[in-house]
Structures are given as C-alpha cells and as structure tokens.
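Before any comments, here is the structure.
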C-alpha cells in the first residue's frame, strides 16, 4: 500500500518564494524528506540527482547542455556534489528568468557558500528539518507517548514505518556522518570521532565546552571545534546561543548543545527502547531537546532564522528558552514530568528581574495533560505548544 504523503509546513513558504526567485535552494539533514517534498510541490519539473554518477558525469562534462535539457528548468538534488554548476545556473536564469531551478543538498557548508557567491539575490534559501509534531499529530500514534516519541524521533523513514530506530540511526551514523567527516576533515581515526559523537550526546542541554571534550578524547580543542562545525553543517547538532542584551556577548559566550533529532541522540546514548529511556538519566535532557528543536522547526518552516536563546547569569539564574520577538521576549520552561508542580513556575516568576526587553508570554511546556492557557503563566502539553 502506498504511504500517504505528509504535507510539510514549509511548502507554502517555498511556493510563495518561488513566485519571486528563479532559483529555490533547500538544505537540511540527509533523509529529512527534501526530495519527496520537492517532487510533490514541483511536479512539472524533471528531477535529477547529482549523487548518480552518470548524471554527475554528464553535468560536469557538458554543464550548459545538461542545464538546457528542459525548457522549464529542473530539480537538482545533492547539488553539493558539484557546486560549480551554480555558476552556470546564474548565467542561465539571468538570460532566461522563466526557467526554474530547484536545488537541494545535505551539506550546507559547501552549498550555501556557493549559493551566496553565485546566486546572491537570485535564490530563496530554506532549511527542511525532520518532521515536526505539528506535521504528524493525528497521523502517527507514537507522538502521543513522550517516551516513544523521544526514542523513535521524527525522521520520515521512521514516521512512515519504512524503517525502525535500531536499524536507521546506526546506519545513519556509519553511512553519512563518518563519510561526511572523512571527506571534509580527512579524519584518520574514525574511532575518536565516534567517541566524540557519544560524548556530545551525553551533553545535550549542557553548555558546550570544547576543551573539556578534547581532554576526554585526547585531541586538541581546535579539532573539537572543527568537528562541531561539521556536525552543525550536517544538521546533526544545533547550538543554542545564550541571551545577552549586548549582541557581541551572544557571539562570544558558549552555547548549549542539542541534537536535531532525539532518535539519533538516543542511539548514540545506547538507549535501545522507549522502556529503557523512561528510566534513563538523560530523559529530561532529551525532552528539552525535543522542545528546542520543535521551536526551531517552526521558525525555519516560516523561512526565518532562529530567534531562540537560553538565559543563564553568574548567579545561576536560568531560563530554558527565550524567544526574541524584537520588542519583547517570550520565556519558556521545559519539564519532562507528567505531573504539574508549582515549582515549575519559579524562574518564570522572576525572569523580568533578569532580562530586558520585558517578557511577554511565559509558558511551561511539559508531558502532562492538564493545560491552562488563560493565566499569566501558560501550561501546555508538548503536543499543543
């Protein structure tokens, strides 16, 4: 039976941008659903993948003829395999603006650099993450069980039952992460990199300290920084910056580390079932990870950059998430418990003493079913955030 297509929230944003840009570029993690979505929303365009050796060879040997195969343009997947093609696309869309080129790739370091160089002002650029709770709610049963959701994650292959976590995520690490790192950094001892991945998973929700991890593995702090950059560019981890009124400090102070999908993080943590996860010391951190990334997906699906931060000061006052709306902030505390406790409100009651501009909405997101969106502090279940 053919699996029903899951509509992505970002579709309307991309289609609107396609009215104004001759080129659309979509990056994101491998297997996040980019190809499926682009074929669905641009059904009239022919599809080519530069992962295919014959296609790539044709494109490299005769790029002009390749790009003129179809009058209306084409979808070009895995375009990071031959980023030089973008220079030829620039010339074509300048002369023939009716042609539409839709580009996708999984490595934003190579692709976005070339897009900014060759297609500045000509391409709308978007990031597609794995599925969001909002996209699958009511369609995927395990979303209603927090432990199952954290363990299984939200990669389309798992959500559509085409694969299961114990096979998908270990394969993902071996096939993609190790290959990307080998290709980009020429890592000779992949064992050290795997140790690094697991140490990162164990630090979810913690402030990132390159020197500390370097000491545990036995490599330089500079090497750790380079590896983290690759994980960011491959959409494996997301670094949440600290909030300061002085934007320069935001750039220099250490961020918190999260994974772009909790299912992958569980595999790296050695968690092999939702039942095991329920008693694991990392459960609370993984739940916080889920909420941070869901808020990030919401922002990216609107074609906007992240406006998320965390707050921590020298007195150890802390707020899990601050959403910067420009003239005001929203403050969010994340709790993995299913039972409400008044202590959940402690930081939110004091947050306006710590930050400026003033906090507008204050929200607790937790795993329980009791909700209240009428009071000064809203209480929401994670499915309804």
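We did not get these values from a lab; they are worked out from the coordinates using the rules stated. Please read these numbers as outputs of a predicted model, since none were measured by experiment. Note: ideal-geometry Cβ built from the backbone for every residue, glycine included; neighbour counts use all protein chains shown.
If you build a Gaussian network model of the chain, linking Cα atoms that sit under 10 Å apart, which residue out of 345, 61, 275 swings the most?
61
At a Förster radius of 35 Å, what calculated FRET efficiency corresponds to the Cβ-Cβ distance of residue 54 and residue 372, to the nearest 0.05?
Computed FRET efficiency for residue 54 and residue 372: 0.05.
Once you have the Cα-Cα distance between residue 47 and residue 98, take 0.36 nm times their residue separation minus that, and quote the gain in nm to one decimal.
16.6 nm
Mind ordering 130-136, 75-81, 377-383, 162-168 by average Cβ neighbours within 10 Å, highest first?
On the way: 130-136: 21.0, 75-81: 24.3, 377-383: 17.4, 162-168: 14.6.
The most tightly packed comes first, giving 75-81, 130-136, 377-383, 162-168.
Multiply the residue separation of residue 304 and residue 179 by 0.36 nm, subtract the distance between their alpha-carbon atoms, and state the gained length in nm to one decimal.
Between residue 304 and residue 179, full extension yields 42.0 nm more.
Round to the nearest 10 and give me the degree value, 0 to 90, for the angle of helix 108-118's Cα axis relative to the longest principal axis of the chain.
Tilt of helix 108-118: around 50 degrees.
Test of understanding: extend the Cα→C-beta vector of residue 145 to 7 Å, then name every residue of segment 327-370 with backbone N under 19 Å from that spot.
Answer for segment 327-370: 336-339, 367-369.
Mark the label point 7 Å from the Cα of residue 317 along Cα→Cβ and return the residues of segment 344-385 whose backbone N is within less than 14 Å of it.
346-359
Hey, how many Å between the Cα centroid of segment 167-228 and the Cα centroid of segment 318-373?
32
Place the peptides 149-159, 263-273 in order of packing, highest mean first, counting for every residue the other Cβ atoms within 10 Å and averaging per peptide.
Output ranking for 149-159, 263-273: 149-159, 263-273.
Let me have the relative contact order for the chain, percent, based on Cα pairs under 8 Å that are six or more residues apart. Let's see the in-between values first.
On the way: 616 pairs, mean separation 54.1, N = 385.
Computed over the chain, the figure is 14 percent.
Restricting to bridges with both residues inside the chain, how much of the DSSP beta-bridge set is antiparallel, in percent to the nearest 5?
35
From the square roots a ≥ b ≥ c of the eigenvalues of the alpha-carbon gyration tensor of segment 133-301, which class results: rounded (a/c under 1.5), prolate (a/b over b/c), or oblate?
oblate
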